[in-house]
Amino acid sequence: MNLASMHLRQRWCPGLAVAVLLSWTNGQILCADNSPERGSAGSPAAATHADGFQLGLQTREETNPGSGLYRTVLTSETWDPGKMAVIVCDVWDSHHCLNAVRRVQEMAPRMNQFLQAVRRRGALVIHAPSGCMASYENHPARLRAKNAPTAANLPPGIGQWCDRIPAEEKGVYPIDQSDGGEDDDKAEHARWADQLKAQGRNPRAPWKSQIDVLEIRDQDAISDSGVEVWNLLEQRGIRNVIVFGVHTNMCVLGRPFGLRQLAKNRKHVVLVRDLTDTMYNPERPPQVSHFSG
């Protein structure tokens, strides 16, 4: 993965909820490509255009109003890195679903490379491991979020989970997530729950911090508060926001700092489709695996 080759590949990311997200919210997908091209000293290179990030974006638009048919639209934009933020959503150190843990562990090194690249160019990185703020109480990045001045334009409900926004009223999920999305083998899941108990963790909510593969620097911010995140964005005059993490069809969408809140409050929000996972059991319709969906 590197920013020099962020272009769109004609496939969907693991978890089909991304396609629905596009048709619901007119959000956009950014692809972190696995190109071998590198910058100096083996670090990911940044795509630049007049000192900005040049991004390849993909949206889905309805072909005709009410038709229910959508087409893919490819566009390119250049962002000022000093006026953009990257939000890392719930990339926890553990999870009640063992397969979800495994997928995060697989993605985490690429996530960290992405963060290194955007941070180096001056973007604000916001780590948002929900429910884990106690682990970072005195960290400079946590204090930065807590001490950001209250924005004069705090949107109503920005501190709450967002279940739905008007733009998605006609949307239909392409996956059945009614079972909660766990895809562990039952026997293995039971052993995993016992292991979490032995570690002194709650088997249903075992996360205590962000996964340590993702570096947190003092110049970053740490928050799971929609209010704090909004304050940080407004303090810096940031409209362009990149989001990645887990899970696309749940927390990435609904958190107070997630895609719905950002989109409905007029932030220009982009999802990195290759750095997300979906909480989905492939035994449910449409019976597509995480790695071929």
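Principal axis extents for the stretch 253-293, Cα atoms only, whole Å, descending order, please.
Sorted from largest, the Cα extents of the stretch 253-293 read 36, 18, 13 Å.
In square angstrom, what is the accessible area per residue of the stretch 247-293 with a 1.4 angstrom probe? Walk me through the intermediate numbers first.
Values: 1540 Å² over 47 residues.
I get 33 Å² per residue for this part.
Just report the Cα centroid separation between the stretch 164-186 and the stretch 195-269, whole Å.
If we compute the Cα centre of each part, the gap is 20 Å.
So how do Asp163, Asp218 rank on accessible area, 1.4 Å probe, biggest first, that is with the largest at the start?
Details: Asp163 110, Asp218 90 Å².
Listed by decreasing accessible area, they come as Asp163, Asp218.
Please work out the Cα convex hull volume for the stretch 162-293 and give it in Å³ per residue. Walk me through the numbers on the way to the answer.
Working: hull volume 19.1 nm³, N = 132.
Cα-based convex hull of the stretch 162-293, divided per residue, equals 145 Å³.
Stokes-Einstein at 10 °C, 1.306 mPa s, Kirkwood radius from Cα pairs: D for the stretch 66-105 in µm² s⁻¹?
So the translational diffusion coefficient is about 108 µm²/s.
Considering just Cα atoms, how many Å³ per residue does the convex hull of the stretch 194-259 enclose? Write down the numbers at each step before the final one.
On the way: hull volume 8.3 nm³, N = 66.
So the per-residue hull volume is 126 Å³.
Could you derive backbone 3J(HN,Hα) for the stretch 225-237 from the dihedral phi with the Karplus parameters 6.51, -1.76 and 1.60 (θ = phi - 60°), listing whole Hz in sequence and x where the residue is Gly or Pro?
With the stated coefficients, the stretch 225-237 comes to 9, x, 5, 5, 4, 4, 4, 4, 5, 5, 4, 9, x Hz.
How far apart, in nm, are the 7 Å Cα→Cβ label points at Ala134 and Leu74?
Inter-label distance under the simple model: 4.9 nm.
The values are calculated or read from the model by the stated rules, or taken from the named source; none is laboratory data. Remember, it's a predicted structure, so these values are computed and weren't measured experimentally. When we count neighbours, we look across all protein chains shown, and the Cβ atoms used for this are built from the backbone with ideal geometry, even at glycine. Each accessible area value is taken on the protein alone, full model and side chains, heavy atoms only, with ligands, DNA and RNA left out. Shrake-Rupley method; radii C 1.70, N 1.55, O 1.52, S 1.80 Å.
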